[in-house]
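J.: Okay, here's the structure, questions in a sec.
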Amino acid sequence: MVVLSYCYIVGTMSYLKLNDINVYKRAFHLSNYVWEIVMQCDQFTKRTLGQQFVNAVDAISANVAEGFGRYSKKDKIRFYRISMGSVMEALDWNEKAKTRRIINEDQYSKILQELKEFPREINHLIKFTNEKLAI
C-alpha cells in the first residue's frame, strides 16, 4: 500500500500518513472485499451491478486519498465530501445486490456495517482538517 504524508502545523511539526487515516484503511479493505465477491459473479452481473458496486466502493478510499494529497484545506474537504457521496451510492448498490440475491445475508451485513460507520469517520476527518490545517 502506498504511504503518503504531509505536514500539519500545530505548534510543533507532526506528520500524518494516509495509512494513519482509519476511514481510508477500512474503505480500502472493503473495496477489495466487494471486488472478491463481484469476481465470483457471472458476466452479466459483473457488467451491470458488479461494476457499479465496485466503482462506488473504490471511490470512497480513492477520494479520501485524493483529498489527502491536495494542498489546500478547501480542496481536501471537497474530496472528503465526494467520498461521502460514494458511501451513499455504495449503500444503494449493497441493497440492490442483496435484493437481487447477488450477495448473501452475511456479506450484506458485513458491507452494511462498514458503510454505516464511514460517514461519522469522514465527518471527523473533515473536522480535523478544518481545525488543524493552517492552509
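J.: Return the pair list, or none, for Cβ contacts closer than 8 Å from residues in the range 36-60 that are over 30 Å from Leu125 (Cβ atoms) to residues that are surrounded by 17 or more Cβ atoms within 10 Å (Cβ to Cβ), at least 6 apart or on different chains.
T.: Qualifying pairs under 8 Å: Cys41/Gly50; Cys41/Ile102; Thr45/Val38; Thr45/Ile102; Lys46/Val38.
J.: Take the range 1-49 and flag every residue that is assigned to a helix (DSSP H, G or I), among the acidic types (Asp, Glu) and modelled with pLDDT of 90 or more.
T.: Glu36 - this is the single residue of the range 1-49 that is assigned to a helix (DSSP H, G or I), among the acidic types (Asp, Glu) and modelled with pLDDT of 90 or more.
J.: Please go through the range 100-126 and give me each residue that is in a helix (DSSP H, G or I) and either farther than 19 Å from Ala27 by Cα or of a type in the set (Asp, Glu) (or both), ordered by number.
T.: Glu105, Asp106, Glu114, Glu117, Glu121, listed by residue number.
J.: Oh, and also: Looking at Gln52, is it within 20 Å of Lys98 (Cβ to Cβ) and either in contact with a Cys (Cβ under 7 Å, 6 or more places away or on another chain) or modelled with pLDDT of 95 or more (or both)?
T.: yes
J.: So, Lys98, is that one surrounded by 15 or more Cβ atoms within 10 Å (Cβ to Cβ) and free of Cβ contacts under 8 Å to residues at least 12 places away in the same chain or not?
T.: yes
The values are calculated or read from the model by the stated rules, or taken from the named source; none is laboratory data. Predicted model, so just to flag it, every value in this text is computed and none were measured. When we count neighbours, we look across all protein chains shown, and the Cβ atoms used for this are built from the backbone with ideal geometry, even at glycine.
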